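Worksheet: the structure to be examined is printed underneath.
Each reported figure results from applying straightforward, stated rules to the coordinates on display, with no laboratory input. Since the structure is predicted, the reported quantities are computational estimates derived from the model, not experimental observations. Don't worry about glycine lacking a Cβ; one is built from the backbone with ideal geometry, like all the others, and counts go over all protein chains shown.
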Amino acid sequence: MLNFALISHRIIFSTPFAVISYFLIWFVPDISQGQMMWYLFFYCIFQTLVTCFHVPYSALTMFISSEQSERDSATAYRMTVEVLGTVLGTAIQGQIVGKVDTPCISDPLLLSMANSSSVVMEEVNITHETGSLTDTRNAYMIAAGVIGGIYILCAIVLSVGVREKRASIELQSDEPVSFFQGLKLVMNHGPYIRLIAGFLFTSLAFMLLEGNFALFCTYTLGFRNEFQNILLAIMLSATLTIPFWQWFLTRFGKKTAVYIGISSATPFLIMVAILKSNLVVTYIVAVAAGISVAAAFLLPWSMLPDVVDDFKLQHPDSAGHEAIFFSFYVFFTKFASGVSLGISTLSLDFAGYKTRGCSQPESVNWTLKLLVSAAPVALIVLGLLLFKLYPIDEERRRKNKKALQDLREEESSNSSSESDSTELASIV
């Protein structure tokens, strides 16, 4: 069973190890073999520890209030700060690393030799200013250290500053909860399955866009010195528009907000792929994509507490399953990230991508257009079709809210009656 004290302990315990593993991801070990295993090991450790942080952190929404409107506001604040943190990380790493001039390899013969021979790679590095590559490594580690310090500060603020609201009666349970029984109940809950299915495809769409947009700007559009600023524009736009989407979902409903918010990126994604390279148009597309990214960040997470409420009404005697709901939600986020990385890597390798090349073959440019335009648009359409099957609309939310209030009043009345009976018995 998930409780508030356990949440705090997991966050505090995972933070220092997550920061150390994150720093070691950017550290280049002085070993001739096994560097790939080094990065793979510490990346896996980091993702595991971040999950230990992210699951309880997300589940706090259910503990700080039992009111739908308050949880929606808390989710909006949480996602605003999360995106703001992404903006801060993008700005810190982008600006620190972006100031270092990393030489590219313009000679096709040297480039092909560099991709096939580590010995020749050393010669190429010497020819193209080895010192600059060392500066780049140092810049990445400085950025990692700064981001790690912010990570620790935020974890301290979260652990010290958040307090449990004791009025959430339904989240308290004296009986131990069977994990496997709870898992079976959760996975048989139709609204949850439909929500995570739609969430999976829309998340994959935006992860493909975010993961390949820097390469797309660098090689396909030719904005090598602007890509970090373009990424910053996307995330800054997302941060500023989350309050708008919070207002929109309270005014027009969450399903309507999902359809309009997530689909609003599609015309701009198509535009950036078919129009010629233009920096102004690229920034316009970046801002528009950020507006849609805000909706994709906020709306699925704001719908999850509604699913938990619906589950509670269908299974009033089964409590303490919030961790299962949130952990599998986070799992599908990580799963989408892994799938996105795999698709991007395999596609670019198949197209003939050359590491550190000043230019790329035309096949790579076409592949990047597919990864930031056609594929995300198709996944967004598929995700929205799955959201169409999501059954919890505004009318059902209102009914669930009323039913939960009645349930709490009944539990409170029963508890008061039991207390009065106990006092009467003690007097007699």
Amide H to amide H under 5 Å from G357: which residues, 5+ apart in sequence or cross-chain, H placed 1.01 Å off N in plane?
I105
Among 296-302, 323-329, how do they line up by average Cβ neighbours within 10 Å per residue, starting with the highest?
296-302, 323-329
Highest-first arrangement of 48-58, 67-77, where packing means the average Cβ count within 10 Å:
48-58, 67-77
³J(HN,Hα) computed for each position of the stretch 59-70 - Karplus, 6.51 cos²θ - 1.76 cosθ + 1.60, integer Hz, glycine/proline x:
5, 4, 4, 6, 9, 7, 6, 9, 8, 4, 5, 5
Over what distance in Å are the Cα centres of the stretch 241-285 and the stretch 356-404 separated?
12
Virtual spin-label span in nm between D30 and V146, 7 Å along Cα→Cβ:
2.7
In sequence order, what are the phi-derived ³J(HN,Hα) couplings for the stretch 283-290 according to the Karplus relation 6.51 cos²θ - 1.76 cosθ + 1.60 with θ = phi - 60°, rounded to whole Hz, with x for glycine and proline?
5, 4, 4, 4, 5, 5, 5, x
Would you mind checking the pairs K334/K388; K334/K401; K276/K334 and listing those with alpha carbons more than 26 angstrom apart?
K334/K401; K276/K334
Between the alpha-carbon centers of the stretch 295-318 and the stretch 27-102, tell me the distance in whole angstrom.
24
For the stretch 1-102, what's the relative contact order in percent, using C-alpha pairs closer than 8 Å and at least 6 residues apart?
29
Can you give the relative contact order of the stretch 304-408 as a percent, counting alpha carbon pairs under 8 Å and 6+ residues apart?
36
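Could you give the length gained by full extension between F17 and S178, i.e. 0.36 nm per residue of separation minus their alpha carbon distance, to one decimal place?
55.0 nm
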Pairs to check: K184/K312; K184/K399; K184/K254. Give those whose C-alpha atoms are more than 22 Å from each other in this structure.
K184/K399; K184/K254
FRET efficiency, F350 to R137 (Cβ-Cβ, R0 30 Å, nearest 0.05):
0.55
For labels at L40 and C358 in the simple 7 Å Cα→Cβ model, what's the distance in nm?
3.5
